[in-house]
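Here is the structure we will look at.
The values are calculated or read from the model by the stated rules, or taken from the named source; none is laboratory data. Source: prediction; values computed, not measured. Note that we place each Cβ from the backbone using ideal geometry, even for glycine, and neighbour counts take in every protein chain shown.
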Amino acid sequence: MIKEVDSDKIRKHFQRSWYRKFTWLEWDASKQAAFCHLSRVITEQNMKLTNSTEPTFTTEGYSKNWKKAKERIAKHGHSSSHREAVTKFAHLVRGTNVASMMNIQKDKDRQIATDCLRHIFTPAIFLGKQGLAFRRNPDEEGNFVQLLQLRAAENPSLMSWLNKYRSYTSHQVQNEVLDLRIASLYFVRCESKQFL
């Protein structure tokens, strides 16, 4: 075990008792350093940790200032990178492919976004067909925003999506929706004339 003599001439070193408190802790005798076993395995498997990684516990190992080691080890145990490593390690042990799980989640998010965009398009198309005003001052009282709020009241995923992406109800987006609708109508009209 590595030992260090600090300024008080008291010998400090890695303590075996830390294994009981930090079950994820690993001692590498060849590097004379302590590691987070879970973070290290995830890193060695070339799986990326999206949260900020701590090279001290993944690749380099903790081997300095043993006086504050317990405090630093505990801090790592509460870090977001450690929590992510715990989750990914559990999936790795169960044989679950974390990358495919993330892709599945991205696909779900993409589908929700597509559905929500459809909900944004339909009030715009309705208002355009009826020749009704989109906006009012303040914006929250405009027909477009009111129709979206009415639809969101019945659709919790739309409500949360609109709260997260407020810019999708902006004047610019409203104009783009109308421009796209006009372009699609023009395209349909041109195609129908071609076949006559």
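A compact table of results
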read-out: Sole exception among (1) free of Cβ contacts under 8 Å to residues at least 24 places away in the same chain; (2) out of contact with any helix residue (DSSP H, G or I) (no Cβ under 7 Å at 6 or more places or on another chain) for Leu117, by number; value: (1)
read-out: Filter result for the condition that a residue is more than 28 Å from the chain's Cα centre (by Cα), of a type in the set (Gly, Ala, Ser) and within 18 Å of Leu180 (Cα to Cα), over Gly131, Gly142; value: Gly131
read-out: Condition met for Ser30 (among the hydroxyl-bearing types (Ser, Thr, Tyr), outside the structural domain of Gly142 (by TED's automatic domain parsing), at pLDDT below 80 and not in a helix (DSSP H, G or I)); value: no
read-out: Segments classed as helices (runs of 4 or more DSSP H), wholly inside the stretch 69-138, with at least 1 members that are of a type in the set (A, V, I, L, M, F, W, C) and more than 26 Å from Leu49 (Cα to Cα); value: 98-130
read-out: Single residue of Glu84, Glu154 found to be farther than 20 Å from His171 by Cβ and assigned by TED's automatic domain parsing to the domain that holds Leu38; value: Glu84
read-out: Meets criteria (at pLDDT 85 or above and either closer than 24 Å to Ser17 by Cα or of a type in the set (A, V, I, L, M, F, W, C) (or both)) for Val86; value: yes
read-out: Whichever residue in the stretch 11-34 is among the hydrophobic types (A, V, I, L, M, F, W, C) and within 15 Å of His76 (Cβ to Cβ) and, among such residues, is surrounded by the most Cβ atoms within 10 Å (Cβ to Cβ); value: Ala34
read-out: Subset of the stretch 145-182 (residues that are β-branched (Val, Ile, Thr) and surrounded by fewer than 16 Cβ atoms within 10 Å (Cβ to Cβ)); value: Ile182
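Let's see how each residue does on (1) surrounded by fewer than 19 Cβ atoms within 10 Å (Cβ to Cβ); (2) in contact (Cβ under 8 Å) with a residue 24 or more places away in the chain:
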{"position": "Gly61", "(1), (2)": "no, yes"}
{"position": "Trp66", "(1), (2)": "no, yes"}
{"position": "Glu71", "(1), (2)": "yes, no"}
{"position": "Gly77", "(1), (2)": "yes, yes"}
{"position": "Glu84", "(1), (2)": "no, yes"}
{"position": "Phe89", "(1), (2)": "no, yes"}
{"position": "Arg94", "(1), (2)": "yes, no"}
